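Scroll down for the structure; my scribbles are underneath it.
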Amino acid sequence: MTRLRTAILISGRGSNMDALLAAARAPDFPAEIALVLSNRPDAPGLAKAKAAGVAVAAVDHKIYAGREEFERSLQLVLETYRIDFICLAGFMRLFTPWFIGQWSGRMLNIHPALLPSYRGLHTHERALADGVKIHGCTVHFVVPEMDEGPIVAQAAVPVLDDDTPDTLGARVLAQEHVIYPLALRLVASGKVRVAGNRVLGAPGESTDALVAPAVL
Ligand code: GAR
């Protein structure tokens with residue numbers, strides 16, 4: 001089995017990275033994590049990945065004159081490691097259309113809300129402020145528009161009376177760790193196809209696997 005050479009891009013603690021690394025240790029997982037790359041040299045996740053024996057690199061966005069210069073360096077590192085696929089996992093920089101064009105159909109992101117609700121930041125605070133009863137997380141293909149793109153997997157969690165942004169965020173995060181490996185497995189094994197804005201089962205494949213666990 002050829003495994004998809006995948007890079008995980010992080011900016012912080014890297015708990016989703018941990019979940020992907022753990023899943024990719026299974027011999028039948030269709031992707032191998034060939035690189036963990038951060039825009040922050042001091043990201044705690046980088047040290048964790050290094051300790052786990054994974055190749056790591058940092059491209060510090062602050063030293064570049066502009067976004068595209070930064071992205072050209074990222075691209076060079078990704079090409080050096082012969083990366084085929086990218087998982088954004090708490091990578092907190094927006095990309096230009098140029099970079100997204102390089103990785104069209106080959107880049108996933110995880111977002112801590114049930115898209116298309118709550119794009120952007122502070123999703124748990126905003127969900128609580130709106131009084132919604134169900135919240136969750138989404139794995140989607142990356143397109144030039146922020147937090148848009150075909151949805152691969154979602155998981156829902158209840159919003160409880162005594163929730164704070166932290167408790168709700170922790171409940172969502174636990175589900176992020178479930179659906180991101182699931183989504184990468186589906187995409188890397190070629191079991192899904194993109195039809196417009198929808199991600200469907202590939203010909204002959206059941207779409208059952210697209211249904212993420214709901215913990216209601
Ligand atoms: C996760 O909750 C992820 O969904 C979110 O950042 C956190 C990173 O945590 N991503 C975004 O908000 C992207 N806009 P982690 O570093 O522990 O995986």
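Bear in mind that the values in this text are calculations on the coordinates, not laboratory data. Quick caveat, the model's predicted, so the values are computed rather than measured.
Amide H contacts under 5 Å for I134: V159, restricted to partners 5 or more places along the chain or on a different chain, H placed in the peptide plane at 1.01 Å from N. Here the convex hull built on the C-alpha positions of the chain has a volume of 125 cubic angstrom per residue. Among complete DSSP H helices in the chain, those whose alpha-carbon atoms stretch at least 15 Å along the helix's long axis and whose mean Kyte-Doolittle hydropathy reaches 0.0 are 165-188.
Helix content alone sets the calculated 222 nm mean residue ellipticity of the chain: runs of n ≥ 4 DSSP H residues at -39500 (n - 2.57) each, divided across all residues, give -10000 deg cm²/dmol. Compared with the alpha-carbon gap, the fully stretched path from R25 to D60 is longer by 9.8 nm at 0.36 nm per residue. Counting 0.36 nm for each residue step from D161 to M92 and taking away their Cα separation leaves a gain of 21.8 nm. Near the amide H of V152, within less than 5 Å, lie the amide hydrogens of V139, H140, F141, all on another chain or at least 5 residues away, with H placed in the peptide plane.
Overall form of segment 110-216: prolate. Here a/c, set by the Cα gyration tensor axes a ≥ b ≥ c, is 1.5 or more, and a/b is the larger of a/b and b/c.
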